[in-house]
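Q: Pasting in a structure now, in C-alpha cells, and then I'll have a few things to ask.
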Number of protein chains: 2
Amino acid sequence: MPFSKQALKELRRLQQKKFREQEKAFLIEGVRLCEEALQAGAALLQVLICPEQMQNDRSQKLIQALTHAAIPVDVIDAAALAALAETQAPQGIVAVVRKHAPKLFEPGKNGDPLLLAIDGIADPGNLGTILRSAEWFGVKNVLLSRDTVELHNPKVVRSSMGSLFRLEVQENLDLAETARHAKAAGWRLIAAEAAHGEPSHRISASGRDLLFIGSEAHGLVTNLAHWIDLRITIPGNGAGESLNAALAAGILLYQLTAPQ
Amino acid sequence: MPFSKQALKELRRLQQKKFREQEKAFLIEGVRLCEEALQAGAALLQVLICPEQMQNDRSQKLIQALTHAAIPVDVIDAAALAALAETQAPQGIVAVVRKHAPKLFEPGKNGDPLLLAIDGIADPGNLGTILRSAEWFGVKNVLLSRDTVELHNPKVVRSSMGSLFRLEVQENLDLAETARHAKAAGWRLIAAEAAHGEPSHRISASGRDLLFIGSEAHGLVTNLAHWIDLRITIPGNGAGESLNAALAAGILLYQLTAPQ
C-alpha cells in the first residue's frame, strides 16, 4: 500500500508539541535511536523507511528485528522521509513511538539511593545530556518541573541517546509539592547552587538523596527554601562565569555516587 | 562613511575556515561575547552595530566602552548584520577579532599543576563546553590535536562563553610529539578511557598532570600508548553507553582538582 500524502501530513503534526501531547506519541529518527527504542521495549507504533538509504548490514538487521517484533514498517520516498525528519541525515528511518507513562515517584515507597529533579532547564541539548548522565550514574527516576523543556522535544530525544526509553521521567511537576512530600518521607533534599554552597567534594551520599538542578541562567526558580537540607557548589575559578548546567548536574551525580 | 557592499563581502569571508586561517581573524557576535572579548583584552579589529537593536543600557554601555578603547565601530543595517551573523539573534553587534597567538606549552618550563589535551573532538559545542570547564577548574593551557574541530569555529566560540579569550589554546598539534616531550619533562600522562581504566574516584592530582581526552565516537585516536602513565575511567552503569565527551572531561577535571 503506497503511503498517502494525508498519512504523511498526519505524521508531520507530531513535529509540534501540541500534537505530541494530544496523540501521546512522538517521532524518533536514525538507526541507532530506533535500535535503542526496540531494545528498551518502547512502543513503536509505526516505522517508515526509505529502503535505498538502508542498504548496510546494520540497517538491514534493524528492519528484520522490527518485522520480527510485528511492528508495522512502511516504505516512503526520500522526500517524504526528509519532510518527517528533523536532522539532515535521518539514515533512512523514522518511527512513531507512543509516550511511556512513567512510574510515579512515591516518596514513601521509593527505595532508590538517588533521584534527580530538574527545575526550569530550557535548553533541549542540556536536558538530553542530563538524562544520559542520570542513566550512566544509575539514577532511575527523573522529575521535571513545569517550565522545563518538553521531554519529547526532538533535540532532547536525540541528545539523550536513548536514555529516555530506559528512565522513568515525570513531567510538569510542581517541584515545591514534590519537595514537601519527599522531605516528609525522609529524603535529603540537595540544591545545586552556582556559589556559596557547601563545597561539593566534601559531600557523600546519604542513601536517600534528591538532587535539584536549576537552569543555567536563573538557578533554581521554584521556591524550595523551606525544604532544602543542603546547598552544594562545585568549587571553581569562575569570575562571574558558571559551568554549563548539564555539566554541573553530571559532576554532582558523580560526586553523589562515589564509592565511600 | 556608509559601509560598502564590498566591505561586507570581505567580512563574510570570515565565515569560512579557510579565510579565518588566511586572515588570522574571526567573527564574534552578541553583546555578551563582545563584552567578554573587550574585558579579556582580545584584539577587536572592528565592530559593526545595528543601532536600533542596541537601545538598551547594557548595549549602550558596551558601545561607550568600545569607543573609549578606540576600537573602530561602524554602523550597518539589520540585513547586513543578519548576513554577517550565525545566530538568529545577534543582538545588534558583530565584531572582527584578531586570533590570539597562544603561549606555547613548554613541558620543561611550564609549572602548572594540570593541563588538558584534546584528541579528535569533532563536535564544536563539546569543544566549547570543554574550554569553559577548563577555565572553571583553573586550567590555563589547552592543547588540540590536528583533527580536533577548529578553535575559531563560530559554535566553539559561542559555546566557550568567552573562555577562549582567556585561555592559551594551541591548535594543530601532533599529540604523540607533545606526549613524548611532556613525558621526558616529568609530567604524569593520564588518558581518559570509556572502560577498563582505573576508577577515577581513586585518582588524585600529582601536581604535574597532563590529561588526554579523546573523541566521543573513537576515544583517543592518536597512538599514545608508549607515554601514558595512567588510564582512568568514570565508573558508571553504561551497558554499551557512554558519557558525553565534554561531560567526561569536566568530571575528570573536577576529580583532578579536588582538594587533598
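Q: Shortest first and in nm to one decimal, what separations exist between B:LYS9 and its copies in the other chains, measuring from label points 7 Å along the Cα-to-beta-carbon line?
A: 4.5
Q: Turning to a different aspect of this structure: Using the Cα centre of segment B:5-98 as the reference point, and only Cβ charges (+1 on K/R, -1 on D/E), how large is the resulting charge dipole? Debye, rounded to the nearest 20.
A: In total the dipole reaches around 360 debye.
Q: Can you list residues from other chains, or at least 5 along the same chain, whose modelled amide H is less than 5 Å from the amide H of A:GLY138?
A: B:ASN237
Q: Something else about it: Using the 7 Å Cα-to-Cβ label point, sort the distances from B:ASN237 to its equivalents in the other copies shortest first and give them in nm to one decimal.
A: 3.3
Q: Return the calculated 222 nm mean residue ellipticity for chain A, to the nearest 500 deg cm²/dmol, obtained by summing -39500 (n - 2.57) across DSSP H runs with n ≥ 4 and dividing by the residue count.
A: Only helices count here, giving -9500 deg cm²/dmol.
Q: Rg/Rh for segment B:147-189 to two decimals, with Rh computed the Kirkwood way over all alpha-carbon pairs.
A: Over the Cα atoms of segment B:147-189, Rg/Rh equals 1.10.
Q: Based on the mean of other Cβ atoms within 10 Å per residue, sort peptides B:115-125, A:137-147 so the most packed one is first.
A: Highest-to-lowest ranking by the protection proxy: B:115-125, A:137-147.
Q: Apply the Karplus curve 6.51 cos²θ - 1.76 cosθ + 1.60, θ = phi - 60°, to the phi angles in segment B:230-236 and return the couplings in whole Hz, x for Gly and Pro.
A: 8, 10, 10, 9, 7, x, x
Q: Once you have a ≥ b ≥ c as the square roots of the Cα gyration tensor eigenvalues for segment A:5-98, tell me rounded if a/c is under 1.5, and otherwise prolate or oblate according to whether a/b is larger than b/c. Before the final figure, lay out the partial values.
A: Details: a/c = 1.79, a/b = 1.25, b/c = 1.42.
Note, shape of segment A:5-98 comes out oblate.
Q: Could you name the lysines whose alpha carbon sits less than 23 Å from that of B:LYS9, not counting residues in the same chain fewer than 8 places away?
A: B:LYS17, B:LYS18, B:LYS24, B:LYS99, B:LYS155
Q: According to the square roots a ≥ b ≥ c of the eigenvalues of the Cα gyration tensor, what is the shape class of segment B:136-260, taking rounded for a/c under 1.5, prolate for a/b larger than b/c otherwise, and oblate for the remainder?
A: rounded
Q: Still on this structure: What is the Cα centroid distance between segment A:103-124 and segment A:27-65, reported in whole angstrom?
A: Distance between centres, Cα-based: 30 Å.
Q: Considering only DSSP beta bridges with both partners in the protein assembly as shown, what is the antiparallel share in %, to the nearest 5?
A: The antiparallel fraction comes to roughly 30 percent.
Q: Residue by residue through segment B:62-68, which ³J(HN,Hα) values in whole Hz follow from phi under the Karplus form 6.51 cos²θ - 1.76 cosθ + 1.60 (θ = phi - 60°), with glycine and proline marked x?
A: Whole-Hz 3J(HN,Hα) from phi for segment B:62-68: 5, 4, 4, 5, 5, 5, 4.
Q: Along the Cα→Cβ direction, 7 angstrom out, place labels at A:GLU21 and B:GLN16. What is the inter-label distance in nm?
A: Modelled inter-label distance: 4.6 nm.
Q: How far is it, in nm, from the label point at A:ARG202 to the one at A:ALA65 when both lie 7 Å from their Cα along the line to the Cβ?
A: Taking the two extended label points, one gets 4.8 nm.
Q: Return the whole-Å distance between the Cα centroid of segment B:185-230 and the Cα centroid of segment A:144-191.
A: 34 Å
Q: Right, another one. Relative contact order of chain B, please, whole-number percent, based on alpha carbon pairs below 8 angstrom and at least 6 residues apart.
A: Relative contact order, chain B: 19 percent.
Q: What FRET efficiency would be calculated for the residue pair B:ALA258, B:ASP74, taking the C-beta separation as r and a Förster radius of 56 Å, to the nearest 0.05?
A: Efficiency, rounded to the nearest 0.05: 0.70.
Q: Does segment A:179-238 come out rounded, prolate or oblate, given a ≥ b ≥ c as the square roots of the eigenvalues of its C-alpha gyration tensor, rounded meaning a/c under 1.5 and, failing that, prolate meaning a/b above b/c? Let's see the in-between values first.
A: Details: a/c = 2.62, a/b = 1.33, b/c = 1.97.
Cα axes put segment A:179-238 in the oblate bin.
Q: Out of the DSSP beta bridges found with both residues in segment A:67-226, what percent are antiparallel (nearest 5)? The partial results should precede the final answer.
A: Values: 1 of 18 bridges.
Here the antiparallel bridges make up roughly 5 percent for segment A:67-226.
Q: Right, something else. Taking a cut-off of 16 Å between Cα atoms, list the lysines near B:LYS140, but don't count ones fewer than 8 places away on the same chain.
A: B:LYS103, B:LYS109
Q: What trypsin sites (Lys or Arg not before Pro) does segment B:35-111 have in DSSP loop regions with at most 13 other beta carbons within 10 Å?
A: Sites meeting the loop and neighbour criteria: B:LYS103, B:LYS109.
Q: Largest first and in whole Å, what are the equivalent-ellipsoid semi-axes of the protein assembly as shown based on the Cα gyration tensor, each being the root of 5 times an eigenvalue?
A: Each semi-axis is √(5λ); the values are 37, 31, 26 Å.
Q: Something else: Using alpha-carbon pairs under 8 Å, 6+ residues apart, how would you state the relative contact order of segment A:114-256 in percent?
A: Numbers: 272 pairs, mean separation 42.6, N = 143.
Contact order relative to length: 30 percent.
Q: Over the Cα atoms of chain B, what radius of gyration and what Dmax do you get, in Å?
A: Spelled out, the Cα radius of gyration and Dmax of chain B are 20.3, 64 Å.
Throughout, read-outs are computed from the coordinates displayed, never taken from laboratory work. No experiment lies behind these values; they were computed from the predicted model shown. Ideal geometry is used to build each Cβ from the backbone, glycine not excepted, and the neighbour counts take in all protein chains shown.
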